[in-house]
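Reviewing the structure listed below.
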Amino acid sequence: MKIDLGYPLPLKAVAIALDIPPDDLPDITFTNIATDASEVKENGLFLAIVGERHDGHDYIRQAIQNGAKAVLAEKNTACHCPTLLVPRTTTALGKLAFVYSKTIPHRTIAITGSVGKTTTRSFIEGALSPFMRVHATLGNYNSQIGLPMTMLAMPPKTDVLVLELGMNHMGEMRDLSHICEPDMAVITNVGHAHIGHLGTKSQILKEKWDITAAMKSGIVFRYFDIPIINYDLPCTCYTCAIDHVANYRASTVKGLCVRFSLEGNTHFDVNLPSVTNPYLSASLYTVAVCHQMGLSNEEICQVLPQSRMPGGRLEEHTIKGIKVINDAYNASPESMLESFRFMSGLPSQKRRMAWLGDMRELGEESAMWHAYIGQALPTHFDHVWLEGEMAEVIAESALSHGMKAEQIDVIDKGVREETIQIIASQLKEGDALLIKGAHAHNLMDVAQKLINILQKEKA
């Protein structure tokens with residue numbers, strides 16, 4: 001992971017931010033920061049982070065060879081390079097980002113949720129950008145390392161910082177909130193993602209609400225059915241809902257026309273590219289944020305239809321009448337079922353098929369949720385290909401709920417290339433194929449290879 005700094009940072013300024021005496025340090029200025037020694041550039045600061053698989057301290061020499069002028073580390077490795085020693089590198093990175101952000105007057109909008117946070121962040125960024133100078137989360141930089149790296153890349157003339165906050169362990173959201181201190185927070189939903197680490201949905205709910213931990217005032221947007229667990233929050237809370245009473249409401253009028261109602265006082269109709277639940281949900285939060293940021297209804301109507309789903313999120317490709325739905329970025333029980341509903345809503349499809357990987361970080365509930373997913377397959381699909389540790393669980397559940405054995409293929413990762421070729425040869429005009437699974441399965445690669453083959457063969 002590497003970023004170019006929003007503006008150059010002197011080594012002594014970094015030391016002061018981290019409460020390290022700067023007196024004996026040389027006059028060095030950094031233009032980039034990296035956690036990967038191979039990505040460090042000239043005039044870079046290398047962060048030696050101790051990870052689960054690798055210890056960054058083992059790569060300090062490589063980082064120096066690639067241009068690092070100094071190192072932020074937990075251990076003294078006697079390298080011939082200025083070294084800032086800290087108790088924990090990731091904590092120091094967060095502190096540095098916090099101090100850096102305070103040098104730039106801006107408002108911070110933070111988004112979290114079990115599903116939809118990347119899409120919502122992308123929509124909000126796109127909607128505000130024509131009217132304000134916006135800096136937003138880079139790629140999937142939403143963790144205890146990625147979030148501060150995004151903040152350190154913020155240009156000096158930034159009006160709004162739009163951040164995506166992710167977590168999979170208790171306490172992480174509170175730490176991220178204290179690093180970025182949101183002025184506005186969005187909680188898109190609370191599902192079962194990461195329940196394997198967090199234990200219960202109640203713990204997930206608490207963790208999501210910790211996005212407000214560092215908020216001293218401001219605004220929180222939540223879906224109407226997300227319970228409030230702290231009524232002493234120093235924030236104004238607004239509810240959002242689709243086809244339900246709320247402060248901000250979205251409801252379909254006809255076709256692609258959607259009506260947005262704002263705090264019960266006003267409403268406007270706008271034609272959107274899609275009215276699927278993920279698109280509508282992200283649009284709703286975008287409308288709410290833009291309204292509170294001072295955009296007029298006319299300005300919101302101007303930018304909202306331009307929003308597009310990020311890659312790997314219900315990304316639709318049509319090749320000679322064949323639809324390939326790349327929803328392979330990640331998977332949770334809620335997002336799986338949502339993608340199934342999307343497939344069933346596709347008009348005039350001859351066959352609906354799916355290549356599904358299993359879901360991760362579900363802990364003791366993993367078998368239960370995979371069986372639940374299998375139960376839904378007969379209603380939505382004519383044929384499925386399943387891979388992963390829980391593929392047999394999904395298959396057995398699908399069979400016991402009416403799917404026939406010839407409609408299910410359990411495949412080994414070792415025969416992926418062969419399976420891609422087989423599926424490509426079997427797809428016909430009018431067919432639709434969904435590709436979805438946990439990020440660890442890298443089904444994004446499967447989707448792209450299949451699309452490439454179809455484009456070549458059907459050309």
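Computed from the coordinates by the stated procedures, all read-outs in this text should not be read as laboratory data. All values derive from a computational prediction rather than experimental measurement. Every residue, glycine among them, receives a Cβ derived from its backbone with ideal geometry; neighbour counts consider all protein chains shown.
Please list, short to long, the whole-number percent of alpha-carbon pairs of region 315-457 in consecutive 5 angstrom bins beginning at zero.
2, 10, 22, 25, 22, 13, 4, 1, 0
For region 315-457, what does the relative contact order come out to in percent, with C-alpha contacts under 8 Å and a separation of six or more?
Relative CO of region 315-457 lands at 39 percent.
Starting with the highest mean, order 133-142, 32-41 by the number of other Cβ atoms within 10 Å, averaged over the residues of each peptide.
Top to bottom by mean Cβ count within 10 Å: 32-41, 133-142.
If packing is taken as the average count of other Cβ atoms within 10 Å, what order do 326-338, 444-456, 208-220 fall into, highest mean first?
326-338, 208-220, 444-456
Nearest 5 percent is fine: what portion of the DSSP beta bridges confined to the chain is antiparallel?
30 percent
Between Glu364 and Gln306, 0.36 nm times their residue separation minus their Cα-Cα distance comes to what?
So the extension gain works out to 16.7 nm.
Considering all projection directions equally, how large on average is the shadow of the alpha-carbon convex hull of the chain, in square nanometres?
23.8 nm²
Stretch Lys449-Val50 to full length: gain in nm at 0.36 nm per residue minus the Cα-Cα span?
Computed gain between Lys449 and Val50 is 140.1 nm.
Cβ under 11 Å from Ala398's Cβ, Ala398 left aside: what net charge do those residues give with Lys, Arg +1 and Asp, Glu -1?
Once positives and negatives cancel, what remains is -1.
With respect to the cross-link table entries Lys2/Lys456; Lys254/Lys323; Lys95/Lys449; Lys41/Lys436; Lys95/Lys413, which display a Cα-Cα separation exceeding 32 Å?
Lys2/Lys456; Lys95/Lys449; Lys41/Lys436; Lys95/Lys413
For region 27-153, what does the equivalent ellipsoid look like in terms of its semi-axes, each the square root of 5 times an eigenvalue of the Cα gyration tensor, given largest first in whole Å?
For region 27-153, the semi-axes come out at 30, 16, 13 Å.
Within 15 Å, Cβ to Cβ, of Asp4, how many net charges do the neighbouring residues add up to if Lys/Arg are +1 and Asp/Glu are -1?
0
Sorting check: for 389-395, 122-128, 48-54, which peptide has the highest mean count of neighbouring beta carbons within 10 Å, and how do the rest follow?
By packing density, highest mean first, the sequence is 122-128, 389-395, 48-54.
Please determine, in degrees from 0 to 90 and to the nearest 10, the orientation of helix 416-426 with respect to the longest principal axis defined by the Cα atoms of the chain, where the helix direction is its Cα long axis.
40 degrees
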